[in-house]
Amino acid sequence: MNFFASRGRRKPKRKLAALALLGLVAGACVYDSDDRCGPHQVLYNDQRCVCEPGAALTPTGCVLCVENEVPGTSGAGCECAPGFSRPAAGMACEAVPAGLGTACSTAAPIVPCSDPVYSHCEADTSGAGYCTNTDCTGPTDCTGGYACNTSGATSFCQRPPVGLGKACTTPDDCAGTEATFCDTFQTHSCQVQGCSLAPNNCFSGFECCDLSAFGLPQPLCIPQGACAQ
């Protein structure tokens with residue numbers, strides 16, 4: 001008797017739980033004619049949803065750009081406004097000193113660095129030069145997201161690879177930058193490939209990792225300590 005009585009008490013609970021679940025599902029599918037678009041989207045020409053002013057398209061939808069950011073192109077999310085840069089991927093955009101990172105050249109035609117503080121012309125991986133400062137000893141001697149590179153005879157504040165951390169969905173979004181690999185599996189951002197395993201020539205905080213076992217033909221710069229050899 002107690003067994004059947006217990007079963008009798010459970011049935012209404014199961015039924016209520018099922019009805020509650022159906023209610024949640026139905027509630028998630030309610031159509032609102034006054035709100036047909038997603039977060040930070042507006043209806044364009046009464047036909048399709050686009051990102052609202054000040055918001056940028058990403059692989060997961062539109063995000064609102066914050067101070068010192070502007071919407072990127074080709075679904076690249078928010079980028080730093082001109083004159084600003086991120087100290088690291090995911091961090092807020094900070095003002096870059098006027099002379100830091102300006103174009104220069106040590107080959108003909110020579111284009112010198114005019115700022116007395118950022119007077120050193122350093123070539124990037126493409127051969128183009130940028131102005132920076134030398135004789136750094138640690139992170140506090142560099143600004144604008146630059147990192148102290150002490151691997152050579154003269155230490156200098158190294159510029160982050162152009163395009164590193166940029167949001168992407170295909171390699172085309174990373175084309176023309178120093179970070180030409182689009183990580184579509186985890187970070188959905190542009191990363192540097194073709195690095196040197198020994199010596200490691202990745203930007204500060206990254207290490208060169210051989211990922212050929214996972215089908216990647218070129219070594220990739222990944223966060224320090226994340227490479228399992």
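Per-residue 3J(HN,Hα) values for region 43-58, derived from phi via the Karplus relation 6.51 cos²θ - 1.76 cosθ + 1.60 with θ = phi - 60°, read 7, 9, 6, 6, 10, 9, 8, 10, 5, 5, x, x, 10, 10, 7, 10 Hz in sequence order (x marks Gly and Pro).
Among the chymotrypsin sites (Phe, Trp or Tyr not before Pro) in region 166-225, those placed in a DSSP loop whose Cβ has at most 12 other Cβ atoms within 10 Å are Phe185.
Between Cys209 and Leu220, Cys221, Ile222, the built amide H atoms are under 5 Å apart, and every one of these is 5 or more places off in sequence or on another chain. In the complete set of protein chains, residue-level accessible area for Val111 is approximately 70 Å², probe 1.4 angstrom. P(r) tail, region 52-208: Cα-Cα pairs separated by more than 27 Å, 26% of all pairs.
Per residue, the solvent-accessible area of region 67-208 (1.4 Å probe, heavy atoms of protein chains only, all protein chains present) comes to 54 Å².
Counted residue by residue at 0.36 nm each, then reduced by the alpha carbon distance between them, the extension gain from Asn45 to Gln218 reaches 57.7 nm.
The values are calculated or read from the model by the stated rules, or taken from the named source; none is laboratory data. Source: prediction; values computed, not measured. We place every Cβ from the backbone using ideal geometry, glycine too, and count neighbours over all the protein chains shown. In case anyone asks, the SASA skips ligands and DNA or RNA and just uses the protein heavy atoms, side chains included. Shrake-Rupley method; radii C 1.70, N 1.55, O 1.52, S 1.80 Å.
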